[in-house]
Amino acid sequence: MTSHDPTDPTPEPTAPADDRTGDHRTGDRTGDSATGARSATRADWSEDDGSHPESGAERATSDQSTATGATTATAPVAAAEGGEGAAPPPIAAPAGGGLVKDESSATVLHRIFSGNGLVAVLSVVLAVILGGILIAATDEPTVTAAGYFFARPMDTISAGFTAAMNAYAALFTGAIVNPQAEDLTGMLYPISETLTVATPLILAGLGVTLAFRAGLFNIGAQGQILLGATFAAWVGFTWHLPVGLHIVVAVLAAIVGGAIWGGIPGFLKSRTGAHEVIVTIMLNYVAIYLVQYLLTQPAFQRPGSSNPISPLVDDSAMFPQLLGPDLRLHAGFLVAVAAVVVVWWLLSRSTIGFEFRAVGANLHAARTAGINTTRATVLVMVIAGALAGLAGVAQVSGTERALTSDIAASFGFDAITVALLGRSTPWGTFFAGLLFGAFRAGGVAMQTQTGTPIDIVLVVQSLIVLFLAAPPLVRALFRIPDPGSPGKSRRRTRRAAATASTGGAA
């Protein structure tokens, strides 16, 4: 067969196609030769998002792996035609076929520095920076120096920087460690308070996280904490059981109370289609008023007191102290760590966790695949409520020792922020809970030592939520790439496919 000049506009006659290259489906699609059909088809696929049958979601590959796959497919066709522009001998494809996913260190670093986890960290950094500006703006020496800013600008900057650093230093010493303490107990007191406060945040945050992964918004952690605390408190001061058994029964009672309160919106969602956000918000108020009513009844009111407070929980129903009687850190923190491990295993290693994630990704596709979405919806809310109920027993049997109407404080609402900051992952929620626990514990020391309003901590937490809700803003400020955008990888794929289709010519 004579060779064809690539500069000649006259189309080359079509060569007979063998069984491998003359695919009837390809010929129908392009109406060209086998070589042209395969090259054009690959070029079309490289233009389409995720339409390549070999690549799919793994479309973004290196130049070398893409060129290898393309050359392997087109080289036999060119060799069969015997043209001058025939491709070099085919390169053996890797075992398993398809395109090779580049797992080089550069790719891994790119994922780390462009992923959602980095956005969460940078959101905290931005919130801390803006919080420092607010601290400086409310500092009296800084305000005084700002009166002659244009004459001596460095005085204002120095005073503001000093005020912010002093406030954050006090926050650190009040949340992590106090090196100026006289004894070991004083040094460990800050970290003990941080872990103690973080315990209910972690447990309630896990309940919100689990619901998020199943596509549900559990806004009812506040009510679930209250019901869990109510069940645990009643068992704690009514039942008199041996040491060891009593705390286990109290924990189980809290799990049951939270699960019941979480299962109600799950059942209504699956059976009637009621929106879980509205139902859980309403149940929060129902739980608050229910606890207030119970505390006025003889069964729950402390004898000899007219205040709405329950009797004290027995010593046998209290969590053991981990760092001695002078520090509040209790074994409930170990329960929180165990809950993180269980939720991680549930989501990533169990069949029911796969069903939860499938329902959260696409409810209709999960139902089509044979997953019982009704059961999954009810079960995920039951487990989420049980986790929030554990936060209630951490309060009753860990620190407060009695049931009150405000025993949940704002842990249920802060748990939503903790889950968002943790990117709806168990371990992310754990570390986010530690961070918010440090804010709460250190905010008191910051106000005491520097006079900075403790409301600054709430402002920083609110700014974190704001930046988490606007990841494009964070990416633009720090100039980090968006992993969801095609970027250079798509252009490389198209360029490699075009090069392979011309027989390897540059």
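In segment 353-411, the ratio of gyration radius to Kirkwood radius, Rg to Rh, stands at 1.24 when only Cα atoms are counted. Backbone amide hydrogens, once placed in the peptide plane, bring His330 within less than 5 Å of Leu322, excluding anything fewer than 5 places away on its chain.
The alpha-carbon positions of segment 304-419 define a convex hull whose volume is 149 Å³ per residue.
Normalising the Debye intensity of segment 215-354 to I(0), with uniform scatterers on Cα atoms only, and taking log10 at q = 0.11, 0.18 Å⁻¹ returns -0.53, -1.18. For segment 256-320, what percent of Cα pairs sit more than 19 Å apart? The calculated P(r) of segment 256-320 puts 52 percent of pairs beyond 19 Å. The spread of Cα positions in segment 192-266, taken along each principal axis and listed from longest to shortest, comes to 42, 33, 16 Å. Equivalent-ellipsoid semi-axes for segment 355-478 (Cα gyration tensor, √(5λ), whole Å, largest first): 33, 23, 10. Relative to its Kirkwood radius, the Cα radius of gyration of segment 442-485 gives an Rg/Rh of 1.24. Solvent exposure of His275, expressed as accessible area, is near 100 Å², computed with a probe of 1.4 Å over the protein chains only. In the distance distribution for segment 135-288, Cα-Cα pairs more than 19 Å apart total 70 percent. The protection proxy used here, the mean number of other Cβ atoms lying within 10 Å of each residue, ranks peptides 120-128, 456-464 as follows, highest first: 456-464, 120-128.
The values are calculated or read from the model by the stated rules, or taken from the named source; none is laboratory data. Keep in mind the model is a prediction, meaning the values are calculated, not measured. Here the Cβ is made from the backbone with ideal geometry for all residues, glycine too, and neighbour counts use every protein chain on show. The area values use the complete protein model at the heavy-atom level, side chains included, leaving out ligands, DNA and RNA. Shrake-Rupley method; radii C 1.70, N 1.55, O 1.52, S 1.80 Å.
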